[in-house]
Amino acid sequence: MDDYLVIGAGLVGLATARAILERLPDARITVVEKAADVAAGQSGHNSGVIHAGIYYAPGSLKAELCRRGRIETVEFCERYGIPYSLVGKLIVATDETSKVRLDDLERRSIENRIVVERIGARGLAELEPNVQGVDALLSPTTGIVNYQLIAAAMRDELAEAGVQLHFGVEVTSIVEEDGIDGGSVRVRTAEGGEWTARRLIACAGLQADRIAKLAGIDIDFKIVPFRGEYFELPASRADFVDHLIYPVPDPSMPFLGVHISPTIDGRVTVGPNAVLGWAREGYPRGSVRPKDVLDFASYGGFWRMAAHNARPAIIEMKNSLLKSGYLEECRKYAAGLTLQDLGERSAGIRAQAVRRDGSFIEDFQFETTARQIHVSNAPSPAATSSIPIGRMIADRLLASV
Ligand SMILES: Cc1cc2nc3c(=O)[nH]c(=O)nc-3n(C[C@H](O)[C@H](O)[C@H](O)COP(=O)(O)OP(=O)(O)OC[C@H]3O[C@@H](n4cnc5c(N)ncnc54)[C@H](O)[C@@H]3O)c2cc1C
């Protein structure tokens, strides 16, 4: 019997296994992952931004774990020679409404103890001649990285320390049992395998609600998949921006808006948007999985969410179908971009937990039983925050022993 079984080899699952090992070097730990390698889900399909922690409600887990996660992600990269760059981020206001929201963001940054600088329209023009705005907030400590490389380094570190990593293994049943020796959790897989452990940690991203239900946990949310579609600028535009360029986000939405990002491998991406995904793990455009559609279509919370957000949802959908609409969003702050600049790039899919009342779960959220911890909501900035999220889970596990 294992001491700990982790479901999911995304950044959160891997970071959790590391954190347990840090505290209990002799623990028997197994990680099971249904894909062929690490980072097959959100962890390998994201914007590659090391967030500073500006946006999140002061006192929330997101605010605290992102602030610490940025520092620890950079330290991890230094330790394993993973390329990263603190290019800095500019949040650009393009009209008076967004300028007022920028004031709120500046106040929030200060409350969250994040260094920012209000540089105004003139400062913006000096730093980024291709970007236009009436005001801007500079976050000099925001960075970029390839999170797949971080996940691969975590995988190798865990394997070297004796953690068992099993790929191509899909968990289909979870049974928690009492017993004289403290009880256990038994897991069965689609491939006919079986594992038993004293504690189970589920870090299943887009499948978080289904895995929680497998374990018999009564949950008040469903994962709704939101596709994030990107474009990529041609190599001739590789110097279009030096910083990450973000619009001022709509505070009622959990997504940050279409941004322009230099990547660590020298490209420039535009995106992601946020449109409903018709397949939780179908990355190519047009992917549909009837089971996934039925799942949200039969959920009252989905329809309540859709009713609250009908206008932005329709605009996003239109811009997803019409590249010219997408371009218009970007041209609000980068007027020099043209349709020819927007080359295809693969999409990501966000796991966003939505409550029965139709509201988005904003913060990171966990469900627990006597012997299990399930990560129910770990959207952005959970890549940046994965190392402290893992530590927090390990501490909770040890406190419950
Ligand atoms: C478009 C997009 C852009 C983003 N940009 C950023 C960013 O710039 N910065 C940032 O900090 N965050 C960003 N994020 C968020 C970040 O990528 C995620 O929050 C983070 O990767 C979540 O990690 P995870 O381990 O919880 O989930 P995942 O990486 O999704 O991992 C879950 C794993 O569980 C496995 N699994 C599921 N079910 C089973 C099963 N039954 N049996 C076995 N294995 C199973 C899956 O195959 C998967 O590998 C972005 C996300 C998206 C989608």
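Would you pick out the residues in the stretch 145-164 that are surrounded by 21 or more Cβ atoms within 10 Å (Cβ to Cβ) and either on the phi > 0 side of the Ramachandran plot or over 21 Å from the mean Cα position of the chain (by Cα) (or both)? The answer is Leu158, Val163.
Scanning the stretch 169-210 for residues that are part of a strand (DSSP E or B), closer than 23 Å to Ala378 by Cα and not aliphatic (A, V, I, L, M), we see that the one that is nearest to the ligand (Cβ to nearest atom) is Thr172. For the stretch 211-240, a residue qualifies if it is in a strand (DSSP E or B) and of a type in the set (Asp, Glu), and the qualifying residues are Glu229, Glu232. From the set of residues in the stretch 286-306 that are part of a loop (DSSP other than H, G, I, E, B) and within 15 Å of the ligand (Cβ to nearest atom), which is nearest to Ser47 (Cα to Cα)? Result: Ser287.
Considering (1) closer than 16 Å to Val248 by Cα; (2) within 12 Å of the ligand (Cβ to nearest atom), the lone condition that Ser98 does not fulfil carries the number (2). Return yes or no: is Ala39 on the phi > 0 side of the Ramachandran plot, near the ligand (Cβ under 7 Å from one of its atoms) and part of a loop (DSSP other than H, G, I, E, B)? Against the criterion (on the phi > 0 side of the Ramachandran plot, near the ligand (Cβ under 7 Å from one of its atoms) and part of a loop (DSSP other than H, G, I, E, B)), Ala39 qualifies. Glu362 meets each of the listed conditions (1) surrounded by 21 or more Cβ atoms within 10 Å (Cβ to Cβ); (2) in a loop (DSSP other than H, G, I, E, B) apart from (1). Within the stretch 125-144, restricting attention to residues that are of a type in the set (A, V, I, L, M) and assigned to a helix (DSSP H, G or I), the residue that is surrounded by the fewest Cβ atoms within 10 Å (Cβ to Cβ) is Ala125. Of the residues screened, Ile114 is not one that is within 16 Å of the ligand (Cβ to nearest atom), outside any strand (DSSP E or B) and under 30 Å from Ala197 (Cα atoms).
Scanning the stretch 42-61 for residues that are within 6 Å of the ligand (Cβ to nearest atom) and not in a strand (DSSP E or B) yields a total of 7.
Only one of Gly228, Gly179, Gly168 is among the small types (Gly, Ala, Ser) and free of Cβ contacts under 8 Å to residues at least 12 places away in the same chain; which?
Details: Gly228 fails: free of Cβ contacts under 8 Å to residues at least 12 places away in the same chain; Gly168 fails: free of Cβ contacts under 8 Å to residues at least 12 places away in the same chain.
Criteria check complete, one pass: Gly179.
Do we have Leu294 as hydrophobic (A, V, I, L, M, F, W, C) and under 30 Å from Val134 (Cβ atoms) here? Working first, answer last.
Numbers: hydrophobic (A, V, I, L, M, F, W, C): yes; under 30 Å from Val134 (Cβ atoms): no.
For Leu294, the condition - hydrophobic (A, V, I, L, M, F, W, C) and under 30 Å from Val134 (Cβ atoms) - is not met.
The requirement of being on the phi < 0 side of the Ramachandran plot, within 16 Å of the ligand (Cβ to nearest atom) and assigned to a loop (DSSP other than H, G, I, E, B) is satisfied by Tyr283. Applying the condition of being under 26 Å from Ile264 (Cβ atoms) and aliphatic (A, V, I, L, M) to the stretch 96-124 and asking which residue is surrounded by the fewest Cβ atoms within 10 Å (Cβ to Cβ) yields Val115. Entry remark, the stretch 9-36: residues being more than 7 Å from the ligand (Cβ to nearest atom), part of a loop (DSSP other than H, G, I, E, B) and of a type outside the set (Asp, Glu) number 5 in total. Condition (residue is over 21 Å from Ile54 (Cβ atoms) and more than 12 Å from the ligand (Cβ to nearest atom)) applied to the stretch 373-389: is it met by at least one residue? Checking the stretch 373-389: at least one residue is over 21 Å from Ile54 (Cβ atoms) and more than 12 Å from the ligand (Cβ to nearest atom).
Taking the criterion of being in contact (Cβ under 8 Å) with a residue 60 or more places away in the chain, aliphatic (A, V, I, L, M) and closer than 17 Å to Leu256 by Cα, would at least one residue in the stretch 328-339 satisfy it?
Yes, the stretch 328-339 contains a residue that is in contact (Cβ under 8 Å) with a residue 60 or more places away in the chain, aliphatic (A, V, I, L, M) and closer than 17 Å to Leu256 by Cα.
Any read-out appearing in this document is the output of simple, stated calculations on the displayed coordinates, not a laboratory observation. Every value quoted in this text rests on a predicted model; they were computed, and no experiment measured them. Cβ coordinates were reconstructed from backbone atoms using ideal geometry, including for glycine residues, and neighbour counts include every protein chain displayed.
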